[in-house]
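**Q** Can you keep this structure in mind? I'll have questions shortly.
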Amino acid sequence: ARVFRGAFAHSTRDSVLSVHPDFVLGVNEQGKIVFFEDGTNVESLSHQWGFETSDIELLAPHEFFMPGMVDTHIHAPQYAYTGTHLDLPLLDWLNRYTFPVESCYVDLDFAQDIYTKVVKRTLCNGTTTACYFATIHTEASLLLGQIADDFGQRALIGKVCMDQNSMVPNYKEQTDECKDETDRFIHELLKKKYALVKPIVTPRFAISCSSSLLSDLGKIAKNNDLHIQSHISENKEEVQLVKELFPDCTSYTDVYLKHGLLTDKTVMAHGCYLTDEELMIFHEKGAAVSHCPNSNISLISGFLNVRNVLKHKVKLGLGTDVAGGYSPSMLDAIRRAMDTSKALCIQDAQLQPLSYKEAFRLATLGGSEVLSLDDCTGNFEVGKDFDALRVNICVPGSPIDLFPRDDLEVILEKFLNLGDDRNIVKVYVAGKQVVPFS
Ligand code: GUN
Ligand code: FE
């Protein structure tokens, strides 16, 4: 139905970065990629697929397509204070800033305002898929799902579960209520039959959840074959407290494992202090890690050794972790991931820094693997949905200067390091143009 011709960059299973200066890509009415081939094949493709070559949308010389980015960990309600409140470590930060703000989402007008802004902001910045934490409130969480659907963002939405250790009195639930509301949330959201928006079971983290609640959530996920998200080993104080709260478990990972929450559809944020033994369990179970480098530095939590996670063949993606991470942009997550890796290299000269190509892969295909969505998004393989960013380096006011000898790889590297939403001139999700907003 639609054909694009020009430069494309993406990652594949076998190649961390493939660049194609002149390719043609066809998208059908269902938004799926039906061909992706060298530009020299355009005549035969036009016969085979019945399109006029005059109908092809040609990219300008300083434009390229890349896959939409996958934010594997973002707290939509925390967008209300993103860019502020970064002066306390995790556990104090949660009680002092996060829980009081999240408690405001009983107010659906407030929720509507902030959730609309976060969905628009992330889409503009090239997040075609987002894995969201909402709040404990079922109605506001459903509203986030509706807003993501309205704007055409692919999303997993989690109603947050927490029944203990909150210092904000009205910001936790009774165990049974939490379980029942999770059931209700899942069934109400599935009933909407949104094409791209699905529920995800969301225990906030071990500290916030009783053993009984964790078990119930494990069962709910299993019975409905659902995704699971939480936090793990983000901060030393947190790891210590989990040890004290769950003395029968051998590690933080063991807490989630014992409660049926570590599956091949699980994504755990941070993981800075996971041991090799724990990473082996992640690998065995097919569970994934969301690397949130901005947050890890902003809350002075720790450094994730990405090289070691990859060595253990654990699925890995990037997350903004708004608002522990102050930027809602996945381009920032790419940059902070490279900074963190280089900081670790200063401490250990044996370590290989993360390349821009690897960071690009983590932000796109890696993220889709983390969310078990790599059958439908993450790159331009035929059969997948067309989730793409049309990037233009030479827009008015562009933060990037181009020089005559810059080839496609250089252009991509400059965009990843220097670009911003001004350079993302169009965003497509499942073949539908979602940015600029209609
Ligand atoms: N651990 C539990 N809840 C949170 C949260 O909201 N943000 C971060 N960064 N870590 C958490
Ligand atoms: Fe988080």
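**Q** Among the residues of the stretch 422-436, is there at least one that is in a helix (DSSP H, G or I) and on the phi < 0 side of the Ramachandran plot?
**A** Taking every residue of the stretch 422-436 in turn, at least one turns out to be in a helix (DSSP H, G or I) and on the phi < 0 side of the Ramachandran plot.
**Q** With respect to residue 376, determine if the residue is open to solvent by 40 Å² or more (accessible area, probe 1.4 Å), of a type outside the set (Phe, Trp, Tyr), more than 22 Å from residue 121 (Cβ to Cβ) and in contact with a strand residue (DSSP E or B) (Cβ under 9 Å, 6 or more places away or on another chain). Show your work before the answer.
**A** Working: open to solvent by 40 Å² or more (accessible area, probe 1.4 Å): no; of a type outside the set (Phe, Trp, Tyr): yes; more than 22 Å from residue 121 (Cβ to Cβ): yes; in contact with a strand residue (DSSP E or B) (Cβ under 9 Å, 6 or more places away or on another chain): yes.
For residue 376, the condition - open to solvent by 40 Å² or more (accessible area, probe 1.4 Å), of a type outside the set (Phe, Trp, Tyr), more than 22 Å from residue 121 (Cβ to Cβ) and in contact with a strand residue (DSSP E or B) (Cβ under 9 Å, 6 or more places away or on another chain) - is not met.
**Q** Ok, one more. Which one of the conditions (1) more than 15 Å from ligand 2 (Cβ to nearest atom); (2) under 18 Å from the mean Cα position of the chain (by Cα) does residue 292 fail to meet, given that it meets all the rest?
**A** With respect to (1) more than 15 Å from ligand 2 (Cβ to nearest atom); (2) under 18 Å from the mean Cα position of the chain (by Cα), residue 292 is out only on (1).
**Q** Spot the failing condition for residue 327; the list is (1) within 16 Å of ligand 1 (Cβ to nearest atom); (2) open to solvent by 10 Å² or more (accessible area, probe 1.4 Å); (3) small (Gly, Ala, Ser); (4) touching an Asp or Glu at 6+ places or on another chain (Cβ under 9 Å), and only one is missed.
**A** Of everything listed in (1) within 16 Å of ligand 1 (Cβ to nearest atom); (2) open to solvent by 10 Å² or more (accessible area, probe 1.4 Å); (3) small (Gly, Ala, Ser); (4) touching an Asp or Glu at 6+ places or on another chain (Cβ under 9 Å), residue 327 misses just condition (4).
**Q** Restricting attention to the stretch 298-330, report how many residues are under 25 Å from residue 97 (Cβ atoms) and part of a helix (DSSP H, G or I).
**A** The qualifying residues number 2.
**Q** Between a residue in the stretch 52-79 that is under 30 Å from residue 110 (Cβ atoms) and any residue that is among the charged types (D, E, K, R), which pairs come within a Cβ distance under 6 Å, given they are 6 or more apart or on different chains?
**A** From residues that are under 30 Å from residue 110 (Cβ atoms), the pairs are 68/387; 73/321; 77/102.
**Q** From the list 87, 109, 92, pick out the single residue that is more than 20 Å from residue 292 (Cβ to Cβ) and open to solvent by 20 Å² or more (accessible area, probe 1.4 Å).
**A** Selected residue: 109, the only one of 87, 109, 92 that is more than 20 Å from residue 292 (Cβ to Cβ) and open to solvent by 20 Å² or more (accessible area, probe 1.4 Å).
The rows are residues; the columns are (1) of a type in the set (A, V, I, L, M, F, W, C); (2) surrounded by 24 or more Cβ atoms within 10 Å (Cβ to Cβ).
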{"residue": "176", "(1), (2)": "no, no"}
{"residue": "185", "(1), (2)": "yes, yes"}
{"residue": "190", "(1), (2)": "yes, no"}
{"residue": "198", "(1), (2)": "no, no"}
{"residue": "207", "(1), (2)": "yes, no"}
{"residue": "222", "(1), (2)": "no, no"}
{"residue": "237", "(1), (2)": "no, no"}
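**Q** Right, residue 151: open to solvent by 10 Å² or more (accessible area, probe 1.4 Å), touching a residue at least 40 places away in the same chain (Cβ under 8 Å), aromatic (Phe, Trp, Tyr) and more than 15 Å from ligand 1 (Cβ to nearest atom) or not?
**A** yes
**Q** Here's something else I'd like to know. For the stretch 262-283, give me each residue that is within 16 Å of ligand 2 (Cβ to nearest atom), part of a loop (DSSP other than H, G, I, E, B) and of a type in the set (A, V, I, L, M, F, W, C). Steps first, please.
**A** First, pick out the residues of the stretch 262-283 that are within 16 Å of ligand 2 (Cβ to nearest atom): 266-274.
Subsequent filtering for residues that are part of a loop (DSSP other than H, G, I, E, B) retains 271-274.
Passing the criteria: 272, 274.
**Q** Moving on. Please find, within the stretch 248-273, the residue that is surrounded by the fewest Cβ atoms within 10 Å (Cβ to Cβ) out of those that are within 16 Å of ligand 1 (Cβ to nearest atom) and within 20 Å of the chain's Cα centre (by Cα).
**A** Restricting to residues being within 16 Å of ligand 1 (Cβ to nearest atom) and within 20 Å of the chain's Cα centre (by Cα), the top hit is 272.
**Q** Taking residue 46 as the residue in question, decide whether it is assigned to a helix (DSSP H, G or I), surrounded by 12 or more Cβ atoms within 10 Å (Cβ to Cβ), modelled with pLDDT of 95 or more and of a type in the set (S, T, N, Q).
**A** yes
**Q** Now for a separate question. What single numbered condition from (1) of a type in the set (Lys, Arg); (2) over 26 Å from residue 287 (Cα atoms); (3) under 13 Å from the mean Cα position of the chain (by Cα) fails to hold for residue 390?
**A** (3)
**Q** For the stretch 240-247, indicate whether the set of residues that are within 16 Å of ligand 2 (Cβ to nearest atom) and not in a helix (DSSP H, G or I) is non-empty.
**A** No.
The values are calculated or read from the model by the stated rules, or taken from the named source; none is laboratory data. Everything numeric in this text was worked out from a predicted model, so none of it was measured. Note: ideal-geometry Cβ built from the backbone for every residue, glycine included; neighbour counts use all protein chains shown. Heavy atoms of the whole protein, side chains included, go into the accessibility calculation; ligands, DNA and RNA do not. Shrake-Rupley method; radii C 1.70, N 1.55, O 1.52, S 1.80 Å.
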